[in-house]
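> Mind looking over this structure? Questions follow.
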Amino acid sequence: MKNTLNIFTTLCILLLISCGGKEEKKKDGFSYEKKAVTEQKSAPTEKVPASKKIDLSNKGVGPITSLTLPSEIDETMATHGAEVFKKMCTACHRPDKKFIGPSPKGVLERRSPEWVMNMILNPEEMVQKDPLAKALLIEFNGSPMANQSLSQEDARAVLEYFRTLK
Amino acid sequence: MKNILKSAVAMLSVLVAFTSCNNPKSSNSGALAGNVAEKVYVAPGDHDEFYAFISGGFSGQLSVYGLPSGRLFKVIPVFSQDAEKAYGYNEETKPMLNTSHGFVPWDDAHHPDISQTNGVIDGRWVFINGNNTPRIAKVDLSVFETTEIIEIPNSAGNHSSSFVTENSEYVVAGTRFSVPIPQKDMPIKDYKGNFKGSLTFISVEPEHGHMDIKFQLIMPGFDYDLAHPGRGASHGWFFFSTYNSEEASTLMEVNASQNDKDFIAAVNWKKIEEYVNNGGGTMMPANYAHNVYDEATHSATSTMKKEVLVVNPSEVPGAVFLLPTPKSPHGCDVDPSGEYIVGNGKLSANLTVHSFTKMLNAIENKKFAGDAYGIPIINFEDVLAGVVEQPGLGPLHTEFDGKGNAYTTFFISSEVVKWKLGTWEVVDRQPCYYSVGHLMIPGGNSQKPFGKYVVAMNKITKDRYLPTGPEVTQSAQLYDISGEKMELLLDFPTIGEPHYAAGCPADLIKPRSKKIFNLEDNKHPYAAKSEADTKVVRDGNVVHIYMTTIRSHFSPDNIEGIKVGDKVYFHVTNLEQDYDVPHGVSMIGANTSELLIMPGQTETFLWEPKQVGVWPFYCTDFCSALHQEMQGYVRVSSANSNTTLKWSLGEDIE
C-alpha cells in the first residue's frame, strides 16, 4: 500500500513537471537538430528528385509502345479525361499540387506520353522495372501507384486532360 | 497354435514389407506406391485440378479446398457470423441471418450441391442446407459469397437437403423431424398419425438463381434422412430415404429401429409441378424469411413471406410411392444413368439397390403391397435390382465414378468399398481413419462424375494428427480411384464436421471468378465513389460517415463533432480497382467486428461512442508499405457540447 502511494506521488510530481515544462516552452510538439542541411551542402553534386527529372525518351514498360500526340488538344477528350481523373485518381493526386502522389501538372514536359500511359495502365510492372517509376516510389515514401483498372481509352483521355494543366 | 499362426503371419508381413522395399517394382501398384506424395504435390504457384466444397458441419460454414493437394483456400461464411469477413456483423449482411425466430447467428451446415445444366455440373452456384433452423443457402461461385438464404417453413432438422435436379429446376429440402403442421400446442405422445413431414421443392430461377418455394409435399410422419434426384430416364423423379416409419417420438435408437424395412419415397415432382401449375394445392398461412444479397448495392434485404403452397400426396394420384428398403436407410443415391437407386440401410448387413425400370413396371401393373396413409407401397421384390451381399458394416452413402463402379462408405467397419453396378460384386476395400460418414467424387451427383479421386469425410480423427487437447481436428482422406484398386493418398484436416461435399474441375469456376467490383456499378445508398463524395452528415443523434479508402489513407481521417450517445455509421467504400487490394477498418471500442472491404465495395459498421476523448481507427488488412500509416482519429465530445461537426484529410499537407 505504501509503495503504491509512493508510485502515485511520484507520478503526480512527474505529471506536474511535464506540464510546467511545456508551458514554459510555449511550443507544440518537439524539435531536434536535423543534420540534413549540412549533409546536403557537403554533397558534391546536387541530386535531382525523380519527380523533377526530365526524360522524354523513356517510354516505360507496358501496353503502350508508341503514341504521337496531335498538336491541338482534343477538348472533348480532355473533358472526359477530367471526369475520369476526378473519379479514379483524386484520392491520391491533386491537379495543382503534390498530394499522396505527384501533381500531373506539366508532366508531359518531363515524361513521354507512352510513359504516362504505362504508369496508369501498368503500375505494378513499372515500379519493378522502370528506373524512374522505381525512384518515384521511393521519393513518395513507398506509396504505390494504384492500378485503377482504367481502359486504354480512359487513360488516353486522362493524358489529354493532363495536357490542359498548365 | 493360434499364437504360432499369428507370429507366422507377422513374420510373413515383415518379409513382404522388406521385399517390397527392396524391389518396389514387384509390388501390386507398381512404382507408384512409393510416389504417393507426388500424386498430391501441387508445386508452389501451380493450381489444383479440382475445387472441393466441403460442408463445415457445426461451424455453419462452407470450406473451399483444392484437390489433390487438400489445401484450404477459403471458408465461406453461410449460416454463422464470421468476424473476419464481417459477415453477419456489418449492416449489409445482418439481414442474411434473419429468420422467423429473429436473428439466428449459427446453424449446422450439411450437404452442399453444385448447380447443373443438362445433368452436368455447371459451376454457377453451390446450395447448402442449414439443419437446425431450417434454411437453404445459395453461394454464388463468381464471388464465393452467400447471396441468398431462404427459410423453410413446416420443417424441422432440414437434413434431406439440399440437392438439385438435373437442370437446377429445383433444390430440394426435406425435413428430418416430423412436426405438427401447422405447429400447435399438443401432447408429444399423440405423434402417430398427427405429425407430418414436409418435402419442399424450391424453384431456382435459371438466370440469376433466385429461390422461391414452389410447393411443399406433406408426407407421413417419418424422418426424412437424405435424398437424390433422378437423372436421365428418371429425371422428373426425386428419391428420399426415410427412417422411423414406426413414428416413434421417444427412445428413438430403439423405437425407430423396430421395422425390418423403412422406405425410400419416390416422388414424381414433374407430375406435382403440373398439378400446381394448373392451380392445384392449398395456400397455407406461414411465416418464413427470404434473404437476398444484391451485388449492386452490396447489401442484403430480408423479406418475411406469409404463405406457402402445400400439396397432399392423395391429391395427386400416381405421384408418390414408397419403396421398402431395409433398416433405416441413410444415403439414397442415384447412379449416373438414373436407373439404380441405392438404399444404404445403415443397420443392414447388405446394400439394397432398386431399379427405376422395375419401379415403373410395378406402378403400371399396380403391384402394391399395401399403403401408408394412402401412399402405395411397392412390393420389395418387384422393385429390387440387386443386393450387394455383406460388403461391410453400417453403409451410409454411395457415389459413382461414371465407369460402372460404385463406392460406399461403411461407418461401423470404417472403410470405403468399391463394387460393380449390375453384378453387385465387391471389387476393392480400403480402410478409413476413422468412422467415415459421407464421401465425394467430383461430379458425383450428376450424369458425369469425374472419377479420378474420392474424398472420404471421417467422423473421428483420434491419433491421425498432432493432438490439440480434447478437441481434435476433423478430417478428410483422399483416395486415387483411377485404377482397379483404390489408393489412399492423403489425410487433410477440415473445419467443423464435414458431412458432405461437392466437387468439380477447377476450369469450370476459375475463369468466372471475379477479381474486383466495378466502382461505377456500386449502387450502395451510402457509397462515396470518390474522395469528393466523402462527408459526415448528422441527423439528430445519428451520424453517417461517408468514408473512402485507397492505399494508404482514409478520407476523411480526422473527424470532430461526434458526441457521446451518437449512433455513428461508418460507410466505407474501397476505391481500389485492382485485384486483391482489400482494406479493413476497425474502431476502438466498437461493439462489432472489423470490416473487410473488397475493391469497389461499400460496407458499414455501427459505432456508439460511450466515452469522451480522441479515438483512433485503422486499416486491418496489410495493404501497402504504408499500411501502418493508414489510421485516423475521431474526436468525441460530451453529449451536450457544441463542438462543430467537421472532417478533413491532410489539410496541412504542403
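The values are calculated or read from the model by the stated rules, or taken from the named source; none is laboratory data. Because the structure is predicted, anything quoted here is derived from the model rather than measured. Using ideal geometry, Cβ is built from the backbone for each residue, glycine included, and neighbour counts are taken over all protein chains shown.
> Looking at A:Thr65, A:Thr79, A:Thr90, which is the one that is out of contact with any Lys or Arg (no Cβ under 8 Å at 6 or more places or on another chain) and at pLDDT 95 or above?
Only one candidate qualifies: A:Thr79.
> Restricting attention to the range B:283-326, and to residues there that are touching a helix residue (DSSP H, G or I) at 6+ places or on another chain (Cβ under 7 Å) and part of a loop (DSSP other than H, G, I, E, B), which single residue is nearest to B:Thr93 (Cα to Cα)?
Going through the qualifying residues, I end up with B:Ala296.
> Which number in (1) more than 14 Å from every other protein chain (Cβ to nearest Cβ); (2) in contact with a Lys or Arg (Cβ under 8 Å, 6 or more places away or on another chain); (3) not polar (S, T, N, Q) marks the one condition that B:Val537 misses?
(2) is the only condition that B:Val537 fails.
> Filter the range B:459-489 for residues that are touching a residue at least 12 places away in the same chain (Cβ under 8 Å) and of a type in the set (A, V, I, L, M, F, W, C); which is surrounded by the most Cβ atoms within 10 Å (Cβ to Cβ)?
Here is the first cut: in the range B:459-489, the residues touching a residue at least 12 places away in the same chain (Cβ under 8 Å) are B:459-462, B:464-465, B:473-489.
In the following step, the residues that additionally are of a type in the set (A, V, I, L, M, F, W, C) were identified as B:460, B:476, B:478, B:481, B:486, B:488-489.
Working: B:Ile460: 16, B:Ala476: 27, B:Leu478: 23, B:Ile481: 23, B:Met486: 22, B:Leu488: 16, B:Leu489: 19.
Applying the filter and picking the extreme gives B:Ala476.
> Find the residue count for the range B:359-375, including only residues that are among the charged types (D, E, K, R) and surrounded by 13 or more Cβ atoms within 10 Å (Cβ to Cβ).
The number of residues fulfilling the criteria is 1.
> Moving on to the next point. Going through the range B:423-461 one residue at a time, which ones are charged (D, E, K, R) and within 18 Å of B:Leu488 (Cα to Cα)?
Answer for the range B:423-461, where residues must be charged (D, E, K, R) and within 18 Å of B:Leu488 (Cα to Cα): B:Asp428, B:Arg429, B:Lys452, B:Lys459.
> Could you tell me how many of the residues in the range B:557-596 are buried (at least 23 other Cβ atoms within 10 Å of the Cβ) and within 14 Å of chain A (Cβ to nearest Cβ)?
Adding up the residues that qualify gives 6.
> Here is a follow-up. Mind listing just one residue for me: the one in the range B:33-63 that is among the hydrophobic types (A, V, I, L, M, F, W, C) and under 15 Å from B:Met457 (Cβ atoms) and, of those, surrounded by the fewest Cβ atoms within 10 Å (Cβ to Cβ)?
Per the criteria, the residue is B:Phe58.
> What is the number of the single condition among (1) of a type outside the set (D, E, K, R); (2) modelled with pLDDT of 95 or more; (3) assigned to a loop (DSSP other than H, G, I, E, B) that A:Ala146 does not meet?
Condition not satisfied by A:Ala146: (2).
> Can you tell me which of B:Glu339, B:Glu381 is at pLDDT 95 or above and touching a Ser or Thr at 6+ places or on another chain (Cβ under 8 Å)?
Among B:Glu339, B:Glu381, only B:Glu339 is at pLDDT 95 or above and touching a Ser or Thr at 6+ places or on another chain (Cβ under 8 Å).
> Go through the range B:246-268 and count every residue that is in contact (Cβ under 8 Å) with a residue 12 or more places away in the chain and either over 20 Å from B:Asn158 (Cβ atoms) or not in a loop (DSSP other than H, G, I, E, B) (or both).
Qualifying residue count, the range B:246-268: 15.
> Taking only pairs six or more apart or across chains, which ones have beta-carbon atoms under 7 Å, a first residue in the range A:126-148 that is more than 7 Å from chain B (Cβ to nearest Cβ) and in contact (Cβ under 8 Å) with a residue 12 or more places away in the chain, and a second residue that is in a helix (DSSP H, G or I) and charged (D, E, K, R)?
The qualifying pairs are A:Val127/A:Lys134.
> Another question about this same structure. Among the candidates B:Gly404, B:Gly422, B:Gly386, B:Gly394, single out the residue that is more than 22 Å from B:Ile272 (Cβ to Cβ) and at pLDDT below 95.
Values: B:Gly404 fails: at pLDDT below 95; B:Gly422 fails: at pLDDT below 95; B:Gly386 fails: at pLDDT below 95.
Selected residue: B:Gly394, the only one of B:Gly404, B:Gly422, B:Gly386, B:Gly394 that is more than 22 Å from B:Ile272 (Cβ to Cβ) and at pLDDT below 95.
> Given B:Leu519, B:Leu489, which one is away from chain A (no Cβ under 14 Å) and in contact with a Leu (Cβ under 7 Å, 6 or more places away or on another chain)?
The unique qualifying residue is B:Leu489.
The rows are residues; the columns are (1) out of contact with any strand residue (DSSP E or B) (no Cβ under 6 Å at 6 or more places or on another chain); (2) more than 26 Å from B:Ser337 (Cα to Cα); (3) of a type in the set (Lys, Arg); (4) part of a strand (DSSP E or B).
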| residue | (1), (2), (3), (4) |
| --- | --- |
| B:Trp125 | no, no, no, yes |
| B:Thr133 | no, yes, no, no |
| B:Val139 | no, yes, no, yes |
| B:Ser155 | no, yes, no, no |
| B:Ser162 | no, no, no, yes |
| B:Ser168 | no, no, no, no |
| B:Val171 | no, no, no, yes |
| B:Gln183 | yes, yes, no, no |
| B:Thr200 | no, no, no, yes |
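> Shifting gears a bit: Residue by residue through the range B:288-338, note down the ones that are aromatic (Phe, Trp, Tyr) and in contact (Cβ under 8 Å) with a residue 60 or more places away in the chain.
Of everything in the range B:288-338, those that are aromatic (Phe, Trp, Tyr) and in contact (Cβ under 8 Å) with a residue 60 or more places away in the chain turn out to be B:Tyr288, B:Tyr293.
> Quick one: count up the residues across the range B:492-528 that are under 24 Å from B:Val581 (Cβ atoms), in a helix (DSSP H, G or I) and in contact (Cβ under 8 Å) with a residue 12 or more places away in the chain.
5
> Do we have any residue at all in the range B:575-590 that's more than 31 Å from the chain's Cα centre (by Cα), at pLDDT below 95 and charged (D, E, K, R)?
The answer is no, given that none of the residues of the range B:575-590 is more than 31 Å from the chain's Cα centre (by Cα), at pLDDT below 95 and charged (D, E, K, R).
> Same structure again: Inspect the range A:97-108 for any residue being in a helix (DSSP H, G or I) and out of contact with any strand residue (DSSP E or B) (no Cβ under 6 Å at 6 or more places or on another chain) and give the result as yes or no.
Checking the range A:97-108: at least one residue is in a helix (DSSP H, G or I) and out of contact with any strand residue (DSSP E or B) (no Cβ under 6 Å at 6 or more places or on another chain).
> Run down B:Gly437, B:Gly444 and say which single residue is of a type in the set (Gly, Ala, Ser), part of a loop (DSSP other than H, G, I, E, B) and either over 21 Å from B:Pro326 (Cβ atoms) or not assigned by TED's automatic domain parsing to the domain that holds B:Val120 (or both). Step through it out loud before you land on a result.
Values: B:Gly437 fails: part of a loop (DSSP other than H, G, I, E, B).
Just one listed residue meets the conditions, B:Gly444.
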